[in-house]
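Below is one structure, written out as C-alpha cells; comments come after it.
Read-outs throughout are calculated quantities, based only on the coordinates presented, and are distinct from any laboratory measurement. These numbers were taken from a predicted model, which means no experiment stands behind them. Here the Cβ positions follow ideal geometry from the backbone for every residue, glycine too, while neighbour counts run over all protein chains shown.
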Amino acid sequence: MIDTAKIYARTVLAGFGFLYDLGRYIRYAGWRSSLNSVETRNYYMVKVYHTLEKSLSFTNRKPGSGWAGANALIKALEQSFTLNGTGYHDLVAITVLKKFAEAEIAHQPEKTAALIKRLIKVESLSNRSIPFYDNSGAINHDKTAFDKGRLAIPENFFMSRYSLREFSDEKISAEALSRALEMAMKSPSACNRQSWHVYHLEGELAQQALAFQDGNRGFGHKIKELLIITTDLRAFVSPRERYQHWIDGGMFSMSLILALHSIGIASCCLNWSQSGRADIKFRKVIKISPQHTVMMMLAIGYPSEQNTVCASPRRPISEVYTKLSGQ
C-alpha cells in the first residue's frame, strides 16, 4: 500500500532543500561575473584561457580560432592587474596568451602584434617578474605514457581498495597528504576550473565535525584525521551548472581516495546528504568558507597489519551496462 502522506512529506522536504540550494546559489555563485574578487576572477580566467588551450591542442588547428577568448582574456588581465592582487590563473593566462600569439603571428601579424603590445603593458603593471608556465597551453604527451607495462596491474589496484573504519596509530605526514592532493588535482573539471577545496581536521575538531554526520556511529570516536571535501560555488555561473559543483566535486573526491590508496593511506567516505538546517548548524561550529559546498567527509589513516572490512560485493556488469544502437 502506498503511503501517500510519506510521499507528500518527502516532496515538501525536497522543495525546502531546493529552496535552500537556490538561496546559496543566489548568494554565492559566480553569476555576477565580478572581476573584483581574486577567487572569482581566477575561475573566470581559467574558464576563458582553457578555450585557448583547447584551440592550441587541435592537431589540425584552424588559424584565427580563439580570438574571442584571447580578447576577453587580455581585457580581464588589464583590469585584474589594477585591482586587489593577482591569482595563480591570472599569471598562467599571460603564458597561455603568449603561446596563442606564437601560433597566430604568422596568420594575423598585425592583430597579434597589438595583442603582444597589450600583454607587455599588463606585465609592466606588476611589481615582480611574471613566470612562464610551460605546463600551460598545449603540451606533448607521449604515447608511451599509456603503455600497460608502466601501469602494473590496474585490477589489483582498484580491487584492493576497501573502506577502513579503524586505523593504526601511525600519523599521516604533511608530505604524504600533499602528495595525494597533488595527484588528485589531475581530476577533470568543467572548463578546468578546479573549484575544489579540502579542509583537514584532527583530534577534537574532527570529532566536532563528525557529530554532524550521521554515518559514523560505532567508529567515529576512533577517527583521528578527517578531510572535508568541498567545492567553491563561485566557479559556476550558468543556471544550467547548478549541479556541476557536485559533479566536479565527486570526481575530485574519487581521485583523492584513489590517490591516497596508491600511497598506502586508507579512507572511509562519510556522506553529507544533509538538510539545510543541519548544514547551517555545522557551519556555525566548523568554520569553512560560506561559498564552499560540502561534498563529503573522508576519514583517513594508515591501515593496521590486519584489518576487517566489509566485503561490499558489486553488482554484475549486466545490471549497470547497456549498449544503445541506432536501430
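For a straight C-alpha distance cut-off of 20 angstrom, the aspartates and glutamates reachable from Lys98 (same-chain residues fewer than eight places away being disregarded) are Glu53, Glu78, Asp90, Glu110, Glu123, Asp134. Convex hull volume per residue, computed on the Cα atoms of the range 170-327, equals 170 Å³.
A DSSP coil position with no more than 13 other Cβ atoms inside 10 Å describes the following chymotrypsin sites (Phe, Trp or Tyr not before Pro) in the range 25-108: Phe58. For the chain, a crude dipole built from +1 on the beta carbon of Lys and Arg and -1 on the beta carbon of Asp and Glu, taken about the Cα centre, is about 940 debye to the nearest 20. From the P(r) of the range 8-134, can you give the percent of Cα pairs sitting at distances over 21 Å? Percent of Cα pairs beyond 21 Å in the range 8-134: 48.
Annotation: the chain has a Kirkwood hydrodynamic radius of 23.0 angstrom, from the mean reciprocal C-alpha pair distance.
Helix 38-57 and the long axis of the chain differ in direction by around 70°, with both axes built from C-alpha atoms.
Simple point charges give the picture: +1 on the Cβ of Lys and Arg, -1 on the Cβ of Asp and Glu, and for the range 154-301 a dipole about the Cα centre of about 520 debye. Think of the range 133-268 as having a plus end and a minus end, set by charges on the Cβ of Lys, Arg, Asp and Glu; of Ile228, Ile265, Met254, Met254 sits farthest toward the positive end of this dipole. Too long at a 22 Å Cα-Cα cut-off: which of Lys75/Lys117; Lys62/Lys111; Lys117/Lys186; Lys186/Lys224; Lys171/Lys222? Where the Cα-Cα span goes over 22 Å, the pairs concerned are Lys117/Lys186; Lys186/Lys224. Loop-located chymotrypsin sites (Phe, Trp or Tyr not before Pro) in the range 252-327 (DSSP state not H, G, I, E or B) with no more than 12 neighbouring Cβ atoms inside 10 Å: Tyr321. Label separation (Ile317 vs Leu22): 4.4 nm, computed from points 7 Å beyond Cα along the C-beta direction.
Pairs of Cα atoms nearer than 8 Å and 6+ residues apart set the relative contact order; for the range 154-301 it is 36 percent. Geometric descriptor of the range 285-324, per residue, is 199 Å³ (volume of the convex hull of the Cα atoms).
The stretch between Thr11 and Ser238 holds 79.2 nm of extra length on full extension. This uses 0.36 nm per residue minus the Cα-Cα distance. Dividing the helix sum by the residues of the chain, where each DSSP H run of 4 or more adds -39500 (n - 2.57), gives a mean residue ellipticity at 222 nm of -14500 deg cm²/dmol. The phi-based Karplus calculation (6.51 cos²θ - 1.76 cosθ + 1.60; θ = phi - 60°) puts the 3J(HN,Hα) values of the range 225-240 at 10, 9, 10, 10, 9, 10, 10, 9, 5, 5, 7, 10, 10, 5, x, 5 Hz, whole numbers, x for Gly and Pro.
Scanning residues 5 or more positions from Met296 or on other chains, those with amide H under 5 Å from its amide H are Ile229, with H placed 1.01 Å from N in the peptide plane. Residue by residue, the range 188-196 carries 3J(HN,Hα) couplings of x, 8, 4, 6, 6, 6, 6, 7, 7 Hz when phi is fed to the Karplus relation 6.51 cos²θ - 1.76 cosθ + 1.60 (θ = phi - 60°); x denotes Gly or Pro. How far is helix 88-104 tilted, in degrees, relative to the longest principal axis of the Cα atoms in the chain, given as a value from 0 to 90 rounded to the nearest 10? Approximately 50 degrees, to the nearest 10. Partners of Lys281 within straight-line reach, counting aspartates and glutamates whose Cα lies under 15 Å from its Cα and excluding those fewer than 8 residues away in the same chain: Asp214. Remark: spin-label model distance Leu205-Ser262 equals 2.8 nm, labels positioned 7 Å along the Cα→Cβ axis. To test your reading of the geometry: what angle, between 0 and 90 degrees and rounded to tens, separates the Cα axis of helix 67-80 from the longest principal axis of the chain? Between helix and principal axis, roughly 80 degrees. Phi angles across the range 285-295 convert, under the Karplus curve 6.51 cos²θ - 1.76 cosθ + 1.60 with θ = phi - 60°, into 3J(HN,Hα) values of 9, 9, 7, 8, 4, x, 7, 8, 9, 6, 7 Hz, Gly and Pro given as x.
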